[in-house]
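The values are calculated or read from the model by the stated rules, or taken from the named source; none is laboratory data. Only a predicted model underlies this, so the values are computations on that prediction, with no experimental measurement involved. Heads up, the Cβs are rebuilt from the backbone with ideal geometry, glycines too, and the neighbour counts pull from every protein chain shown. The protein model used for the area step is the full one, side chains on, heavy atoms only, and it has no ligands, DNA or RNA in it. Shrake-Rupley method; radii C 1.70, N 1.55, O 1.52, S 1.80 Å.
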Amino acid sequence: MSIETLKSALGDYARDIKLNLSIVLSEEGAPELTTTQIAGIALASAYATRNANVIAAIEGEFAARLDDATRQAAKAAAAIMAMNNVYYRYMHYVKDEELNKLPARLRMNVIGSPGIAKPDFELMSLAVSAINGCGKCMEAHTHELTGAGVTRTGIQSAVRIAAVINAAAHSAAIEELAKAS
């Protein structure tokens, strides 16, 4: 499947999503990011949505530009953030000082050794955290990225990619539900 196939499967109500897919998945539409970063962020975001059609479209679109290390890192970012975003979102919302003093005691080794450049993995993790809505994680990844020299425009581009991929997944799910009814 390709992005064009995905876009053609979405209804007219998703016209803005279709246009935005074309924009954010290009270097012109995602300033300060490389094609490899765009592909990795899009794939990690697609995995975070858990929508098979969106995953297939992103994998198909970027097949020639994704190496195995980037594919594995995108999966790892989606997996580790699925855990961390729940845990740290809970800790943030509860605001219990005693609870927040306790160590997380969750293994997160992949964050320290993701198999790709650390900023690229942080961009993927930021995108997944944005989809999952974890403010504490978004703050932490943004801090790491700015410390690594990633521009605010690059950071914004990663979140824009996540937002559009998430909207495409919702639109694809709407179409799947409409067919089933």
key: Cα centroid of region 1-33 to Cα centroid of region 116-181, whole Å   = 15
query = Across every pair of different alpha-carbon atoms, what Kirkwood hydrodynamic radius in Å does region 25-181 reach?
reply = 15.9
request  = Measure off, as a whole percent, the carbon and sulfur share of the 1.4 Å-probe accessible area of region 76-126, all protein chains present.
outcome  = 59
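Calculate, in nm to one decimal, what residue 83 and residue 118 gain on full extension: separation in residues at 0.36 nm each, minus their alpha carbon distance.
Computed gain between residue 83 and residue 118 is 10.7 nm.
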inquiry  = Going Cα to Cα from residue 95, which aspartates and glutamates come in below 17 Å? Please leave out same-chain ones fewer than 8 positions away.
reply    = 139
task = Run down the aspartates and glutamates and flag those whose C-alpha is under 17 Å from the C-alpha of residue 7, throwing out any fewer than 8 positions away in its chain.
result = 16, 59, 61, 175, 176
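What does the accessible area per residue of the chain come to in Å², with a 1.4 Å probe and no ligands, DNA or RNA counted? All intermediate terms of the calculation are to be shown ahead of the outcome.
Numbers: 9300 Å² over 181 residues.
Computed with neighbouring chains in place, this is 51 Å² per residue.
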request  = Indicate the helices, whole DSSP H runs only, in the chain that combine a mean Kyte-Doolittle hydropathy of 0.5 or more with a Cα extent along their long axis of 20 angstrom or more.
outcome  = 35-49, 152-180
note = Pseudo-spin-label distance residue 153 to residue 63, built 7 Å along Cα→Cβ, given in nm, is 3.3
